[in-house]
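Heads up: the structure comes next, in C-alpha cells.
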Amino acid sequence: MMNIPFASVEVMHKEIEEEMLAAFKRVYDNNWFIQGKEVSEFEKEFAAYCGASYCVGCGNGLDALYLILRAYGIGAGDEVIVPSNTYIATALAVSYTGAKPVFVEPCLYSFNINPSLIEAAITPNTKAIMAVHLYGQPADMDEIKELAKKYNLKVIEDSAQAHGALYKNNHTGSLGDAAGFSFYPGKNLGALGDGGAIVTNDKELADKCRALGNYGSDYKYHHIYKGNNSRLDEVQAALLRVKLRSLDVWNERRNEIAKRFINEIDNDEIVLPVTLPERTHVYHIFGIRCERRGELERYLSENGIGTNKHYPIPMHMQGAYADLNIPEGTYPIAEEISRTELSIPMYYGMTEDEVSYIIDKINSWK
C-alpha cells in the first residue's frame, strides 16, 4: 500500500533549497526585515507576471480583499456580491468593512459563480462583485465585467487559489479592477508563512491600499486614514521571488496530473471537474463530487490516500453568518457541493506511480 498525503511541498522545496536558503541569508545579512528591497522587487516581479501595473504586498489573502474594499470606500449600508460556494475569507473581507455579503449560486460543473444569476442579486446598495477563481479555474470574467459596467460596479478578483491561471491569455490579477492573492504555504505560489498581495492597474487604489495596510500612513508618522498593520515581510518576499520563477513549471505538472485523472478515472459514482473554454486551470484543488462521499473518503484513507473537503459547511449555514438568517435550502447548489465535494491529492512532486495508484483505487471502488 502506498501512503500519499493530500498535499506536500517536500519535493518542491528540496529542488529549490539552495536558492531559498541563499534568499533567507540575503535578508538575514541585510538586517532589514520590513518594507525593504525584497518586498519592492517582489511587488514589481509579481505585478509584471500578472500583467498588471502595481502590486502591494500585505499580510494575507483576507487582508488583500479587505484592503481593496476599504480603499474603494465600501462600508456600512453597502452590498458586495460573492459566490455562495467559496472559502469564508471572501465573505469575511466584506463583513470587516461593515458591508453585507450577498450570496449568488455557482455553476455546479465549474464550482464558480453563475454569471446568469448575478443581475437578480443587484440592488441600489450593490457596490462590487467578488469574482472568485475557485480551485484554480478563472471565473466567467467577460459576463461579470459586462454586468459590472452596466451597473457601475467594481469587479474584485479573489485570486487566492489561481496563481498563474489564464483567461483568454491574460493572467488572473489583470482581469478586474483589482485582485487579492494569498501566499498561504499550500497555495500554488506559497510562502513559508502567511502573506498576500493586491494587484491592480489603478495607481490611486494601490497607493491607498499600501497606506491602509501601513497604519493609514503615506509616509512615516503621517497618518491619513485609520489603517491597520498588514505588510508582507522581507523574508517571505525573498522566498516568494525564488518560487515565482518556478510557478509555471509547477502549474504545468499539476495540469499533467489533472489530465491523467480526467482521462483515466472511470467510475460512475464520480463526477470529475470540468475545465471551461478559453482558460487554463491551475488545479490548486482537484475536486471531485460523489453522493457517497463519506464512504469514498474512508475507503481512500484506508488505502493510504489523503483527501480533504472544500468546504463541508456552506457559508450561509455557518454560525458566523447566523445573523443573516438564511435558512437551509436557500442555496441548494452550494449545499450540494458542500455535501458531495471531495478533494484528492494534487501537488508538484507526485510520481506517475502515485497518480496511477490513486486512479486504480478510485476505479476499483464500488
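The values are calculated or read from the model by the stated rules, or taken from the named source; none is laboratory data. As the structure is a computational prediction, the values presented were derived from the model and not from experiment. Cβ coordinates were reconstructed from backbone atoms using ideal geometry, including for glycine residues, and neighbour counts include every protein chain displayed. SASA here: full protein model, heavy atoms, side chains in, ligands and nucleic acids out. Shrake-Rupley method; radii C 1.70, N 1.55, O 1.52, S 1.80 Å.
Data table
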{"read-out": "Total residues in the stretch 112-131, condition closer than 20 Å to T275 by Cα, in contact with a helix residue (DSSP H, G or I) (Cβ under 6 Å, 6 or more places away or on another chain) and open to solvent by 10 Å² or more (accessible area, probe 1.4 Å)", "value": "1"}
{"read-out": "Matching option when the condition is more than 28 Å from I144 (Cβ to Cβ) and of a type in the set (A, V, I, L, M, F, W, C), among L239, L232, L212", "value": "L239"}
{"read-out": "Residue in the stretch 93-110 that is in a helix (DSSP H, G or I), crowded, with 19+ Cβ neighbours inside 10 Å, touching a strand residue (DSSP E or B) at 6+ places or on another chain (Cβ under 6 Å) and at pLDDT 95 or above present", "value": "yes"}
{"read-out": "Residue within the stretch 20-37 that is modelled with pLDDT of 95 or more, open to solvent by less than 20 Å² (accessible area, probe 1.4 Å) and under 30 Å from G304 (Cβ atoms) present", "value": "yes"}
{"read-out": "Restricting the stretch 274-297 to residues that are assigned to a strand (DSSP E or B) and under 19 Å from K168 (Cα atoms), the residue that is least open to solvent (accessible area, probe 1.4 Å)", "value": "R279"}
{"read-out": "Filter result (touching a strand residue (DSSP E or B) at 6+ places or on another chain (Cβ under 8 Å), β-branched (V, I, T) and not in a strand (DSSP E or B)) within the stretch 298-323", "value": "T307"}
{"read-out": "Selection from the stretch 111-157 of residues that are of a type in the set (V, I, T) and either more than 30 Å from I270 (Cα to Cα) or not in a loop (DSSP other than H, G, I, E, B) (or both)", "value": "I113, I122, T123, T126, I129, V132, I144, V155, I156"}
{"read-out": "Tabulated pairs, the stretch 295-321, first closer than 20 Å to K366 by Cα and in contact (Cβ under 8 Å) with a residue 24 or more places away in the chain, second basic (K, R) and surrounded by fewer than 18 Cβ atoms within 10 Å (Cβ to Cβ), C-beta under 9 angstrom, 6+ apart or interchain", "value": "E297/K309"}
{"read-out": "Boolean, D248 is free of Cβ contacts under 8 Å to residues at least 60 places away in the same chain and acidic (D, E)", "value": "no"}
{"read-out": "Which listed residue is in contact with a helix residue (DSSP H, G or I) (Cβ under 9 Å, 6 or more places away or on another chain) and closer than 30 Å to N363 by Cα, from E264, E234, E204", "value": "E264"}
{"read-out": "Residue in the stretch 190-202 that is of a type in the set (A, V, I, L, M, F, W, C), over 18 Å from S159 (Cβ atoms) and crowded, with 21+ Cβ neighbours inside 10 Å present", "value": "no"}
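For (1) in a helix (DSSP H, G or I); (2) at pLDDT 95 or above; (3) surrounded by 15 or more Cβ atoms within 10 Å (Cβ to Cβ), each residue gets a yes or a no:
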position: Y225; (1), (2), (3): no, yes, yes
position: L239; (1), (2), (3): yes, yes, yes
position: V242; (1), (2), (3): yes, yes, yes
position: K259; (1), (2), (3): yes, yes, no
position: E269; (1), (2), (3): no, yes, yes
